[in-house]
1. Just one of Lys116, Lys87 is in contact with a helix residue (DSSP H, G or I) (Cβ under 7 Å, 6 or more places away or on another chain) and surrounded by fewer than 19 Cβ atoms within 10 Å (Cβ to Cβ); which is it?
2. What residue, among those in the stretch 12-36 that are over 30 Å from Phe147 (Cβ atoms) and touching a Cys at 6+ places or on another chain (Cβ under 9 Å), is most open to solvent (accessible area, probe 1.4 Å)?
3. Taking Leu80, is it in contact with a Ser or Thr (Cβ under 9 Å, 6 or more places away or on another chain), open to solvent by 80 Å² or more (accessible area, probe 1.4 Å), of a type in the set (A, V, I, L, M, F, W, C) and over 17 Å from Phe27 (Cβ atoms)?
4. Could you tell me which of the residues Thr30, Thr48, Thr39 is under 22 Å from Met128 (Cβ atoms) and modelled with pLDDT of 90 or more?
5. If the Cβ limit is 6 Å and pairs must be 6+ apart or interchain, which residue in the stretch 122-148 that is under 13 Å from Phe22 (Cβ atoms) and touching a residue at least 12 places away in the same chain (Cβ under 8 Å) pairs with which residue that is polar (S, T, N, Q) and not in a helix (DSSP H, G or I)?
6. State whether one or more residues within the stretch 130-149 are at pLDDT 75 or above, touching a strand residue (DSSP E or B) at 6+ places or on another chain (Cβ under 8 Å) and within 29 Å of Ile90 (Cβ to Cβ).
7. Hey, Thr39 hits all of (1) part of a strand (DSSP E or B); (2) buried (at least 16 other Cβ atoms within 10 Å of the Cβ) but one; which does it fall short on?
Amino acid sequence: MDEKIELKLTKSNILRFLNACFILLFFMPTMLVSCSGETVKISASKITFGFEVLGQKIDGHIAGILMLILPIACLVLLCLAQTRANKKTIIVIKVLNFINFIAWVSYFNGVDKEAKENYCESEMTGWMILLMLFMVIHCVITFMCLFQSNASLQQQIELAATGGNPAQMQYNGFGSKSKCPTCGADVKGGDMFCLKCGTKLKKTCPTCGAEMDGDSRFCSKCGTEVTE
């Protein structure tokens, strides 16, 4: 019997894919330099390790290795996080991606400046455009992950405030607005009476002291019938 492998399109998996692409794009020709009728394809790996063009040896800039090391570091962090990265991991990844972006911008400006100083022309290739697009997507997703982490933290705080009872979160007005059962007006979580029609919104069980909705007949904790 064949086993089916399910690939989940999660934010963490998308970030893993993008960082893997950054690693591959390090070796792709992201710039073209035209000089004396010759067109040379330039990649970040060539700038880092050096290359030869028109019989001339061009020394590399070892600082360019950042464009390879940073996405590898991000990919390792995301793989260690397994299913979903936490807030600290996302912040570290975002910082590393920002440094990587600065490194790529420096690479582009450096090639363009060097080309102009030698009376040559330079231009981006489709690989460079794809790289910038991936970086924008990466930035958006990390922001979404941070926002989701903050929302999850707020839910945990609210759940703790209700004694670990998820149902009580709605009852106390956490997460969404409450409505008066009589007139439908918005009411706050701590209100005992509706400010519009005066309906009693909450009452206390005389047996166990649990707080109840104003229109409830029976206590959800001990089952006592409360008619008042």
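The values are calculated or read from the model by the stated rules, or taken from the named source; none is laboratory data. Everything numeric in this text was worked out from a predicted model, so none of it was measured. Please note: Cβ atoms are built from the backbone with ideal geometry, for glycine as well, and neighbour counts cover all protein chains shown. Each accessible area value is taken on the protein alone, full model and side chains, heavy atoms only, with ligands, DNA and RNA left out. Shrake-Rupley method; radii C 1.70, N 1.55, O 1.52, S 1.80 Å.
1. Checking each option against the conditions leaves just Lys87.
2. Ser36
3. Yes: the conditions hold for Leu80.
4. Thr30
5. Close Cβ pairs satisfying both conditions: Trp127/Thr30; Met128/Thr30.
6. yes
7. Only one criterion in (1) part of a strand (DSSP E or B); (2) buried (at least 16 other Cβ atoms within 10 Å of the Cβ) is unmet by Thr39, namely (2).
Okay, residues lined up against (1) more than 30 Å from the chain's Cα centre (by Cα); (2) at pLDDT below 90:
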residue	(1), (2)
Ile14	no, yes
Phe17	no, no
Cys21	no, no
Glu52	yes, yes
